[in-house]
Amino acid sequence: MEDKRLHSNFDYESALNVQKGIEQPDIINNSYLSRMRAIKKAEPTVEELVAGILEGNRTLLSRAITLVESTLPAHQDKAQAVIERCLPYSGKSIRLGITGVPGAGKSTTIEALGTMLTSHNHKVAVLAIDPSSERSGGSILGDKTRMEALSIDPNAFIRPSPSAGSLGGVARKTREIILLCEAAGFDVIIVETVGVGQSEVAAHSMVDFFLLLQLANTGDELQGIKRGIMEMADMITINKSDIDKTKSELAATQYRNALHLFPMPESGWLPKVMLSSAYSGMGIEELWNNVMDYVAFTKSNGYFYQKRQKQNIRILSETIEASLKEHFYNNEIVEHELATAKENILADKVSGYKAAEQLIALYFDNISKNK
């Protein structure tokens with residue numbers, strides 16, 4: 001029998017026929033685009049930024065920090081004007097630096113400590129320094145994803161910043177950002193560094209208390225730590241100690257014995273070694289109590305204020321060095337001769353030392369002629 005379906009309206013009934021679908025909306029939301037353009041056009045003035053920061057406006061605080069991090073001369077001039085006006089309102093926080101080997105649980109510890117502090121009416125700013133790629137120059141800036149609870153806390157502010165190749169993975173502008181956060185009313189500033197290494201000196205030079213996080217189950221507990229890092233630490237915490245308490249206690253004992261071999265710190269404070277677990281919250285309150293004990297102790301003997309003064313003097317010398325370096329590389333003669341110098345070095349016509357001396361001589365000669 002002949003199939004009647006062959007005589008039916010095939011174009012209409014066939015599942016293979018493409019029916020007209022729903023009209024798709026524009027990929028770009030034009031109203032959102034218009035709002036963003038309006039925001040970009042309406043750049044806040046120095047007065048508006050300062051007023052917003054002092055009122056605790058996070059949007060204006062973020063925009064001021066973006067100016068600080070910018071390398072454009074116009075942005076830098078504006079950022080310095082904001083910082084100068086915020087300076088009288090800064091300096092009233094406790095600055096805490098946290099470092100440790102990769103995987104030691106720095107972000108988890110910061111979140112546990114931060115949420116505990118905000119529950120006690122503290123305002124916490126976290127400056128998480130993200131390592132920049134040497135190859136591409138980019139950074140992931142993913143610390144907010146690792147601090148989910150703290151990132152939505154109304155009394156917390158997390159600002160991931162690229163290290164941009166600066167010493168220790170600590171962004172060059174971190175000190176200025178600390179001042180802005182203090183002016184915005186944050187009374188606890190936490191600076192998270194990339195990891196253990198020579199660069200942690202930079203972090204130590206901008207905080208009041210330096211915490212070193214370590215793990216117990218990594219083999220020789222003292223092998224991976226430089227003596228200089230341990231001498232800078234005001235406290236060492238064996239994190240993730242709930243995994244193996246016996247090994248954690250053994251590691252803590254080894255660190256205590258090692259610390260007794262070092263000279264007494266200038267602060268007069270003997271660094272504590274304790275166990276913690278950021279995941280379970282064990283030891284987090286004790287950690288903060290130790291920080292407060294340290295602050296009270298160093299304020300009573302005057303070291304707290306002496307250290308802050310030394311840090312301010314260090315800002316002077318570092319800013320001079322950075323400005324001279326920038327001025328040198330932006331000099332027309334240097335820019336013109338630098339490529340030639342590099343070619344000569346690669347062709348073994350001159351050593352790097354001699355080429356540097358020649359460029360510096362050209363730089364000073366050019367400055368003297370333009371006087």
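Throughout, read-outs are computed from the coordinates displayed, never taken from laboratory work. Because the structure is a prediction, the values reported are computed rather than measured. Note that we place each Cβ from the backbone using ideal geometry, even for glycine, and neighbour counts take in every protein chain shown.
Would you mind calculating the gained length between MET116 and THR71 on full extension (0.36 nm times residue separation, minus the Cα-Cα distance), in nm to one decimal?
Separation in residues times 0.36 nm, less the Cα-Cα distance, equals 12.6 nm.
By count of other Cβ within 10 Å, fewest leading, how are ARG85, ARG314 ordered?
Lowest count first: ARG314, ARG85.
So if we plug the beta-carbon distance of TYR89 and LEU346 into 1/(1 + (r/R0)^6) with R0 = 41 Å, what FRET efficiency do we get, rounded to 0.05?
The computed FRET efficiency comes out at 0.20.
Given a Förster distance of 56 Å, report the FRET efficiency between LEU261 and GLU335 from their Cβ-Cβ distance, rounded to the nearest 0.05.
0.65
In whole angstrom, and with the biggest value first, how far do the Cα coordinates of the range 314-369 range along each principal axis?
39, 27, 14
Can you give the FRET efficiency to the nearest 0.05 for GLU326 and TYR353, using r as the Cβ-Cβ distance and R₀ = 22 Å?
In this case the efficiency is close to 0.50.
If packing is taken as the average count of other Cβ atoms within 10 Å, what order do 48-60, 105-117, 237-249 fall into, highest mean first?
The most tightly packed comes first, giving 105-117, 237-249, 48-60.
Give me LEU362, LEU215, LEU270, LEU316 ranked fewest to most by other Cβ atoms within 10 Å of their Cβ, as a rough exposure proxy.
In order of increasing Cβ crowding within 10 Å: LEU316, LEU270, LEU362, LEU215.
Lysine pairs in the range 271-371 8 or more apart or on different chains: how many have alpha carbons under 22 angstrom apart?
Lysine pairs meeting both conditions in the range 271-371 amount to 9.
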